[in-house]
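First the structure, in the form of structure tokens, and then the observations on it.
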Amino acid sequence: MDIFVQQVVSGLATGGIYGSLALALVMIYQATDVVNYAQGEMAMFSTYLAWTLINAGLPYWVAFAATLAIAFVGGLAIERVVIRPVENAPVLTIVIVCIGLLVILNSVAGWVYSYIQKPFPSPFPEKPIRIGNVFFGAHDLGALGVTLVVLLSLYVFFRYTTLGLAMRAAAQNPVSSRLCGIRVGWMLAVGWGLAALVGAVAGMMVAPVVFLDPNMMGGILIYAFASATLGGFTSPGGAVLGGLIVGVIENLVGTYVRFIGTELKLTVALAVILVVLIVKPSGLFGRAAVHRV
Amino acid sequence: MTRRNIIALALSLGVGLALVARLAVAADMPGVTATEVKIGHTNPYSGNASAYGTIGKAIAAYFKKMNDEGGINGRKINFVTYDDGYSPPKTVEMVRRLIEQDEVAFLFNTLGTPTNSAIHKYMNQMKVPQLFVATGATKWGDPQNFPWTMGWQPTYQAEGHIYAQYVLKNVPNAKIGILYQNDDYGKDYVKGLKDGLGDAAKKLIVMEQTYETSDPTIDSQIVNLKNSGANVFYNVTIPKYAAQAIKKTAEIGWKPLHLLNNVSNSVGAVLKPAGLQNSKDIVSTFYLKDPTDPTWQNDAGYKDWLAFMKKYYPEGDLSDLGNVYGYTVAQGLVQVLKQCGNDLSRENVMKQAASIKGLSLPMLLPGVKVNTGPTDFYPIEQEQLAKFDGERWVLFGEIYDASKK
């Protein structure tokens, strides 16, 4: 029984990591209708900035806030400079641009900071919390909490603020929005900025676990896509829940289904997604896209 | 015959002779001229394994030093190194370019198990030396079937043997849990341990877990290993996962005898990120002098290395064992070139590489020597165990010689 609970707890911890990056993916998709393949590398790059600030002597939370601000401006700038020229191009062009961005950010980070992995501090206590024979990492719990706070803020933002509502309108119906006086171009840029900000939070919560190096988001991005697909690309809450589900399922199947073991864990996660896509293409919590023709 | 004609004739004769001479050299010794020997190399300067890129840079820096000092037997080394990003198809492309276009004399210290595997057959078909490859897989020492390929560092299997002996001698009632990377590298290490344990292997090994390099974390595997009741943890992982494993075992309160593979025993890249306190009492193996170990502070070999780093590779990290590795393997090659004398044909390079006797190099641990022979394509086969005391690795016990077992 202990092993079962411990595997679930550890699955929730990893799932929280997937969910936090999935949240950033969903965020940008909702705000701009783009699936951003460079999301992981943007988060990684922001984390390096945070690392630089912390090493310069800033207290953790000051560096945290400063990184969020820089990430927001950086995301905004990327949209203005890189994405805007191809805004109306076919989907494939945008995908290629995003992948290009991924490679560039990865190489620049390696060039500037080297590929040696670095420890990244956690704001939470190091000592694990022990209940019976089950250990909860304090950082894992804290990170999950932070992800939920981000999720809640996004919900409030998109639901109750003028800017949030304007952004949703701009993504869903650009023409009508423009007629209402919403500056659609800028709304898209703000969407990228916010996604970069959410990604930066994810990066700073992930780095203490997987350590900071330019490739730290590589594997995680695949799982984040899986989580977002499972939960639904249009549902922030679904993305986080999707992450948790993927994390727990992969651990339990790896532990208890002998012929799958640890070798086919990733395959299981992907199989789950395939099934979801066949049965419910918009994800567990996503809305089916309806277009008037 | 006018004077102009004579000059023209003389010129064309001269050019013709020069061409013949050049062709003759090219036929015998590709990549070699009277003043230069051209050597090819691939290394991951970008991508997933780019932490190893520093090895290529250290080698290039060492050859620069040799050239500044007049070269070897009057010839300077022209070191051509390409980035393969640790991607086997890219390695094939780069190596074909090195051999067919750049016409290098031979390849030296190409890095990686999957990458070297991709060019293994090609090199032996082309009969071009693939010398001192930077991987510890066992398959590089097979002169019978692959006479043009030779390893360098102790093999993963040999290292596995050492841990097996250590466990058999020191841990009564051992229950071994293994975590390994699901590829040739991981399996080599596991085979070494099992061979070393012999018949006891089945009884002693209580659980084996694997991971893929695409896995974000290995937490789940560590939880399973702890639950298996193992009191020995054989950790066969690359630096990123090694650091995670050390941290996680401490976090879930598992305190086994932790055997950490040599691949990941860097203090700077693994133990520091994982937490030095969490790393206390881990056991690993060494064959090079760790530049962070104060034992070598006044050692002549260490001082020379330090001076070399400061002059020729000032941007290199002084705590990175990769820079010691590159320096040492380059010295190994220089020895081969010296032995070759004026005959730098590919046959002779292989012949000389296979006749190194008792060579000590300044940054190898005292007692560790390079030895090769016509049937022994494993240059370094000696290692020593070390235990981490919370600050640094402390060597203990004797030098273990894998060639004698």
Inset, instruction - Out of the residues in the stretch A:254-293 that are among the hydrophobic types (A, V, I, L, M, F, W, C) and more than 27 Å from A:Gly237 (Cα to Cα), state the one that is modelled with the lowest pLDDT. - result: A:Val293
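From the list A:Ile28, A:Ile17, which residue is at the interface with chain B (Cβ under 10 Å from one of its Cβ atoms), of a type in the set (Val, Ile, Thr) and crowded, with 24+ Cβ neighbours inside 10 Å?
That would be A:Ile17, the only listed residue that is at the interface with chain B (Cβ under 10 Å from one of its Cβ atoms), of a type in the set (Val, Ile, Thr) and crowded, with 24+ Cβ neighbours inside 10 Å.
Inspect the stretch A:116-138 for any residue being within 14 Å of chain B (Cβ to nearest Cβ) and in a helix (DSSP H, G or I) and give the result as yes or no. Break it down into steps so the answer makes sense when it comes.
Initial filter on the stretch A:116-138 (within 14 Å of chain B (Cβ to nearest Cβ)): A:116-122, A:124-138.
With the extra rule that they be in a helix (DSSP H, G or I), the set shrinks to A:138.
So far as the stretch A:116-138 goes, yes, one or more of its residues are within 14 Å of chain B (Cβ to nearest Cβ) and in a helix (DSSP H, G or I).
Residues A:Val108, A:Val5, A:Val95, A:Val9: which one is farther than 23 Å from A:Val206 by Cβ, within 14 Å of chain B (Cβ to nearest Cβ), touching a residue at least 60 places away in the same chain (Cβ under 8 Å) and of a type in the set (A, V, I, L, M)?
On the way: A:Val108 fails: farther than 23 Å from A:Val206 by Cβ; A:Val95 fails: within 14 Å of chain B (Cβ to nearest Cβ); A:Val9 fails: farther than 23 Å from A:Val206 by Cβ.
Of the residues listed, the single one that is farther than 23 Å from A:Val206 by Cβ, within 14 Å of chain B (Cβ to nearest Cβ), touching a residue at least 60 places away in the same chain (Cβ under 8 Å) and of a type in the set (A, V, I, L, M) is A:Val5.
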Legend entry - Contacts under 7 angstrom Cβ, first residue in the stretch B:212-229 being more than 8 Å from chain A (Cβ to nearest Cβ) and touching a residue at least 40 places away in the same chain (Cβ under 8 Å), partner crowded, with 16+ Cβ neighbours inside 10 Å and assigned to a helix (DSSP H, G or I), 6 or more apart: B:Ile222/B:Ala245; B:Ile222/B:Lys248; B:Ile222/B:Thr249
Inset, instruction - Kindly establish whether B:Tyr327 is in the same structural domain as B:Met123 (by TED's automatic domain parsing), within 29 Å of A:Trp111 (Cβ to Cβ) and touching a residue at least 60 places away in the same chain (Cβ under 8 Å). - result: yes
Inset, instruction - Confirm whether A:Gly247 is within 24 Å of the chain's Cα centre (by Cα), surrounded by 19 or more Cβ atoms within 10 Å (Cβ to Cβ), within 22 Å of A:Ile28 (Cα to Cα) and not hydrophobic (A, V, I, L, M, F, W, C). - result: no
Inset, instruction - Of the conditions (1) surrounded by fewer than 14 Cβ atoms within 10 Å (Cβ to Cβ); (2) farther than 30 Å from A:Ile116 by Cβ, B:Pro366 clears all except one; give me its number. - result: (2)
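For the stretch B:273-282, give me each residue that is buried (at least 17 other Cβ atoms within 10 Å of the Cβ) and either assigned to a loop (DSSP other than H, G, I, E, B) or of a type in the set (D, E, K, R) (or both).
Across the stretch B:273-282, the qualifying residues are B:Asn278, B:Ser279, B:Ile282.
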Inset, instruction - Could you check, for the stretch B:38-50, whether at least one of its residues is in a helix (DSSP H, G or I), at pLDDT below 95, within 14 Å of another protein chain (Cβ to nearest Cβ) and out of contact with any His (no Cβ under 6 Å at 6 or more places or on another chain)? - result: yes
Legend entry - Odd one out for A:Val86, checked against (1) at pLDDT below 95; (2) within 14 Å of another protein chain (Cβ to nearest Cβ); (3) over 26 Å from A:Gly254 (Cβ atoms): (2)
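Can you name every residue in the stretch B:307-322 that is over 12 Å from B:Thr292 (Cα atoms) and more than 12 Å from chain A (Cβ to nearest Cβ)?
If we filter the stretch B:307-322 for residues that are over 12 Å from B:Thr292 (Cα atoms), which is where we start, we get B:307-316, B:322.
Across the stretch B:307-322, the qualifying residues are B:Ala307, B:Phe308, B:Met309, B:Lys310, B:Lys311, B:Tyr312, B:Tyr313, B:Pro314.
One residue is enough: does the stretch A:210-222 have a residue meeting the conditions hydrophobic (A, V, I, L, M, F, W, C), on the phi > 0 side of the Ramachandran plot and surrounded by 20 or more Cβ atoms within 10 Å (Cβ to Cβ)? Step through it out loud before you land on a result.
Residues of the stretch A:210-222 that are hydrophobic (A, V, I, L, M, F, W, C), as a first pass: A:210-212, A:216-217, A:220-222.
So of that shortlist, the ones also on the phi > 0 side of the Ramachandran plot come out as A:211.
Filter again for surrounded by 20 or more Cβ atoms within 10 Å (Cβ to Cβ), leaving A:211.
Yes: one or more hits.
Of all residues being of a type outside the set (Gly, Ala, Ser) and part of a strand (DSSP E or B) in the stretch B:283-329, which is nearest to the chain's Cα centre (by Cα)? Just the residue, please.
Pass one, the stretch B:283-329, residues of a type outside the set (Gly, Ala, Ser): B:283, B:285-299, B:302-306, B:308-315, B:317-318, B:320-321, B:323-325, B:327-329.
Pick out the ones that are also part of a strand (DSSP E or B) and you get B:283, B:285-286, B:288.
Values: B:Val283: 21, B:Thr285: 15, B:Phe286: 13, B:Leu288: 11 Å.
Within the stretch B:283-329, the match that is nearest to the chain's Cα centre (by Cα) is B:Leu288.
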Legend entry - Matching residues, the stretch B:230-245, being among the small types (Gly, Ala, Ser) and more than 8 Å from chain A (Cβ to nearest Cβ): B:Ala230, B:Ala242, B:Ala245
Legend entry - Residue among A:Val35, A:Val82, A:Val73, A:Val91 that alone is surrounded by fewer than 16 Cβ atoms within 10 Å (Cβ to Cβ) and touching a helix residue (DSSP H, G or I) at 6+ places or on another chain (Cβ under 8 Å): A:Val73
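Regarding the stretch B:323-341, can at least one residue be identified that is within 14 Å of another protein chain (Cβ to nearest Cβ), over 29 Å from B:Ile162 (Cα atoms) and not aliphatic (A, V, I, L, M)? It would help to see each step written out before you state the result.
Residues of the stretch B:323-341 that are within 14 Å of another protein chain (Cβ to nearest Cβ), as a first pass: B:323.
With the extra rule that they be over 29 Å from B:Ile162 (Cα atoms), the set shrinks to none.
No, the conditions are met nowhere in the stretch B:323-341.
The values are calculated or read from the model by the stated rules, or taken from the named source; none is laboratory data. Predicted model, so just to flag it, every value in this text is computed and none were measured. As a convention, Cβ positions derive from the backbone with ideal geometry for all residues, glycine included, and neighbour counts pool all protein chains shown.
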